Amino acid sequence: AAREVVYAIKERASHVKIKYWPAQNITSFLTSLVKYDPLEKLTRQWRKHRISNYDYLMKLNSIAGRSRHDLSRYPVMPWVLSNYTSREIDLNDVKNYRDLSKPMGALCSERLERFRAKYKALKKDNDPNIPPFMYGSHYSSKGGVVLHFLIRLRPFTGLHRKLQGGKFDVADRLFDSIPRAWDISSKESLSEVKELTFEFYSNPDFLTNKHNFELGTNFDGKIVSDVELPPWADGSPEKFVRIMREALESDVCSAMLPSWIDLVFGFKQRGKEAVRSDNLFHYLSYYGPEDVKQIKDVDARELVKLHLDDFGNCPAQIFYKQHKKKKKIDLANTSLHGEDDEEEDEDFEEM
């Protein structure tokens, strides 16, 4: 256990060189490091229900290098619900939720087999310059996700038009329906495995064409304007966001959320575990800013930058073990099952 803690410390602070250990019990010393590690402290607070799921995910995004000020590294949030067709929705029914233990590309078994076939074909080709992967697109990117979903919200509107040469993209490719967006990303398209932006859980303004932008007419002759909402939203963007937020904070979601964190920020993000979890993206998606800086060839470095900018990239990996679950609340005595105010030893042993 001690060796793995040291490994995690080095990964998070590779510039720090530990020249010697203090003259004390090694287990005690490492336990104290875990106790005061901001990320470990944050996770403990979440497990004790002291911060919300939304705030926890936003903080993890920040720690992993995502920022609302960087469109190519924008905070990523999960699709939580899977039911966007019913008139009413029961947030206590697990059937209305997406399986958060699987990446978007693995939710539909038929589509997944095609992604797996692609991976096997690339592996068979054994191209030394292109390691095999399953998904060529990414769950979070500047043009394909952020500017796609936020096209009605300034300043994203202008940035979308700039990306499209001064005009809006073809109407049929614009974001105009929540149910359609879910179907495309979860089962229909071989080129889209989108997750969401934080606005889906916090800001209804991105769903309404308040500025009357001329977004065009689609193939069916429908003028693209406000976003079509699920029936259970009753035509209200505010109600849609409220229900989405309630779903995110629900006990059903809380129980599954560690599995999604493992995929996006944790040990299933890359390597063998990513392969086992059907979670493997194009190899350049795993390049961080420091990796790009190390590319000596100027032209090659610019090509990588363009790829990351256009096709998206993974957050920095910040967890190296399976993420722990939230503690269960005992309503009988208003305490947390297994909670101990001095639980640092427990945290150390579980790492």
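Overview of values
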{"quantity": "Failed criterion for Tyr320 (all others in (1) in contact with a His (Cβ under 9 Å, 6 or more places away or on another chain); (2) of a type in the set (Phe, Trp, Tyr); (3) open to solvent by 50 Å² or more (accessible area, probe 1.4 Å) hold)", "calculated": "(1)"}
{"quantity": "Wholly within segment 232-298, helices (runs of 4 or more DSSP H) carrying at least 3 residues that are touching a His at 6+ places or on another chain (Cβ under 9 Å)", "calculated": "251-264"}
{"quantity": "Filter pass, Lys272 being open to solvent by less than 50 Å² (accessible area, probe 1.4 Å), modelled with pLDDT of 85 or more and under 29 Å from Lys194 (Cα atoms)", "calculated": "no"}
{"quantity": "Filter result for Gly158 (in contact with a Lys or Arg (Cβ under 8 Å, 6 or more places away or on another chain), small (Gly, Ala, Ser) and modelled with pLDDT of 95 or more)", "calculated": "no"}
{"quantity": "Close pairs (9 angstrom Cβ cut-off, 6 or more residues apart or separate chains): farther than 22 Å from Glu199 by Cα and in contact (Cβ under 8 Å) with a residue 12 or more places away in the chain in segment 76-92, among the hydroxyl-bearing types (Ser, Thr, Tyr) and not in a strand (DSSP E or B) anywhere", "calculated": "Asn92/Ser250"}
{"quantity": "Close pairs from segment 277-294: first at positive phi, partner modelled with pLDDT of 80 or more and open to solvent by 20 Å² or more (accessible area, probe 1.4 Å), Cβ under 9 Å, at least 6 apart", "calculated": "Asp278/Lys102; Asp278/Arg116; Asp278/Tyr119"}
{"quantity": "Flag if His49 is modelled with pLDDT under 95 and either open to solvent by less than 50 Å² (accessible area, probe 1.4 Å) or assigned to a loop (DSSP other than H, G, I, E, B) (or both)", "calculated": "no"}
{"quantity": "Segment 206-235, residues that are on the phi > 0 side of the Ramachandran plot and either surrounded by 14 or more Cβ atoms within 10 Å (Cβ to Cβ) or of a type in the set (A, V, I, L, M) (or both)", "calculated": "Gly216"}
{"quantity": "Residue that is without any contact (Cβ under 8 Å) to a residue 12 or more places away in the chain, basic (Lys, Arg), assigned to a loop (DSSP other than H, G, I, E, B) and open to solvent by 10 Å² or more (accessible area, probe 1.4 Å), where the choices are Lys162, Lys167", "calculated": "Lys167"}
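Okay, residues lined up against (1) open to solvent by 70 Å² or more (accessible area, probe 1.4 Å); (2) free of Cβ contacts under 8 Å to residues at least 60 places away in the same chain; (3) over 23 Å from Asp309 (Cα atoms); (4) not polar (S, T, N, Q):
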position	(1), (2), (3), (4)
Tyr97	no, no, yes, yes
Asp125	yes, yes, yes, yes
Pro131	no, no, no, yes
Ala181	no, yes, no, yes
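The values are calculated or read from the model by the stated rules, or taken from the named source; none is laboratory data. In this text the structure is predicted, and so the values were computed from the model without any measurement. Positions of Cβ are generated from backbone atoms using ideal geometry, with glycine treated the same way; all protein chains shown enter the neighbour counts. Accessible surface areas use protein heavy atoms only, side chains included; no ligands, DNA or RNA. Shrake-Rupley method; radii C 1.70, N 1.55, O 1.52, S 1.80 Å.
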